[in-house]
């Protein structure tokens, strides 16, 4: 009895309890002994009798992944407590697998008594919520914790759909012909090798294009082209490639984004084979990615609206499987891009081809590929400069074009932008030279309002048209930022500090009242991470990385952030994104209401609230870093 009491007095969080309570607790402890290498608990399967306090020996706790590898390994020594989070959060089943590493002695506090202490003593309970919040900043822990009850089945489903790499599939063999080969010989070779795609090479044996069954049908037979002519006259020159170490979902999204039906597989600088979009989609027949193909086949605005209305259910399905929020963002964005492209092509069909080369760009969250279910239109148009006599005609076309596209997108469900950052606003449809002047003025003026505009238009991405126009604008901005820019970066830093994490002085979550409900704005809570990734990306000339996660990875590789800082920011950002997407999907599918960025504090468990408090503290620390780096002050 005395030994048990002495141990409790030095074991957190039992040491938080009054001494008379500890005496009662000591009376309730049950002793248990385990031999070396004994598996005591198996993750998601073994029911916990209660909470274990290690007296002698040690526990090794870890998660098994689908390959039976140990993940998130911890050693628990005498005085450690195991099982609190499992009892409170995992339906009384062990969250992690546990093995006794030595001859081990533990005291077990039965579940009902542990729960009684949690209900009676806030500090005792708070210890476990805070511990959980800190653990959720660990990517492995967060990944495995978020699996549903049928852990193994769920993990395998997630692995197959979103964690399977291309190299695990069998590639189709590359079959090729020189560019001067007669068309009929190419068709014969395709028939002999039973392939639907033949790659074309130049004199150096580099792949410069390809022909398919459709090429032969549409460009040769339908147009009565002489089949004795060189295949280079009808080949498609737009080839794309991806590393064999990439994930299957990345290949599918790339093919939809580039409108390609075939992708070359590259390893160590050489092509090893190719895959077709149909092959990849058939491998993921149950995946929501297949839905994108049906969007491409939609025939009307009404049908596109119906497709967009199905997206919340897809988001719920992905999140419930434990799919990472970054991937969910990419799926939403690819669907939105596909819809926008369909609308653009429909409008061009209505009013005729454009009188100048142009690029249609999206801004803000869509520009960062971080679109959510509460989305509005943020877009612009850049067109090539034309001679004076053509300028009015060109401008009139693109303003009419932009208005029609915007109206149709609004009808589908992409609402007009309340800030009017849309191509239908004449301010945001202009020639390339005009856009260069815009960016130059925003950089040189370095005022709060221009810093805000620059931030919006820095997060931009081409989704249709001549990408070379966008590339030229990026090169121009890069040159401008090579000039001394201290004042500009100070204002960009101030822009990154205008939103503060919703924490009170005592580190509780600050709320506001909306329709008599205590809520906080999760979009505003996430904005500081977006802003700090942007300002550091600007300073370090990281222009090709469009989304927040990609920017953070690039900054880590440059040594701007340490591995632990990177992990904290990534985990914080995508935990918030997952919570935001889940809430919006629930509002649409369950509540039949409009999605919002407000989350009721009362709808969150104490554990979720504790996790958010830890995340907001992390964001505050990084904002302090921005003050020191760019403004030399706290």
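Among the residues examined, residue 594 qualifies as over 25 Å from residue 126 (Cα atoms), surrounded by fewer than 19 Cβ atoms within 10 Å (Cβ to Cβ), out of contact with any strand residue (DSSP E or B) (no Cβ under 7 Å at 6 or more places or on another chain) and at pLDDT below 90.
Counting the residues of segment 478-532 that are assigned to a helix (DSSP H, G or I), in contact with a strand residue (DSSP E or B) (Cβ under 7 Å, 6 or more places away or on another chain) and exposed (fewer than 14 other Cβ atoms within 10 Å of the Cβ) gives 0. The strands (runs of 3 or more DSSP E) falling completely within segment 58-142 include none with 1 or more residues that are within 20 Å of residue 613 (Cα to Cα) and more than 36 Å from the chain's Cα centre (by Cα).
All of 399, 409 fail the test of being over 28 Å from residue 330 (Cα atoms), at pLDDT 95 or above and either over 29 Å from the mean Cα position of the chain (by Cα) or in the same structural domain as residue 339 (by TED's automatic domain parsing) (or both), apart from 399. If only residues of segment 209-232 that are touching a helix residue (DSSP H, G or I) at 6+ places or on another chain (Cβ under 8 Å) and not in a loop (DSSP other than H, G, I, E, B) are counted, the one that is surrounded by the most Cβ atoms within 10 Å (Cβ to Cβ) is 231. Scanning segment 459-475 for residues that are assigned to a helix (DSSP H, G or I) and more than 14 Å from residue 382 (Cα to Cα) yields one hit, 475.
Taking (1) closer than 29 Å to residue 198 by Cα; (2) free of Cβ contacts under 8 Å to residues at least 24 places away in the same chain in turn, residue 296 satisfies each apart from (2). Taking segment 374-413 as the range and being farther than 18 Å from residue 428 by Cα and either touching a strand residue (DSSP E or B) at 6+ places or on another chain (Cβ under 8 Å) or surrounded by fewer than 21 Cβ atoms within 10 Å (Cβ to Cβ) (or both) as the test, the residues that pass are 374, 375, 387, 388, 389, 390, 411, 413.
The values are calculated or read from the model by the stated rules, or taken from the named source; none is laboratory data. Please read these numbers as outputs of a predicted model, since none were measured by experiment. Every residue, glycine as well, gets a Cβ built from its backbone with ideal geometry; the counts of neighbours run over all protein chains shown.
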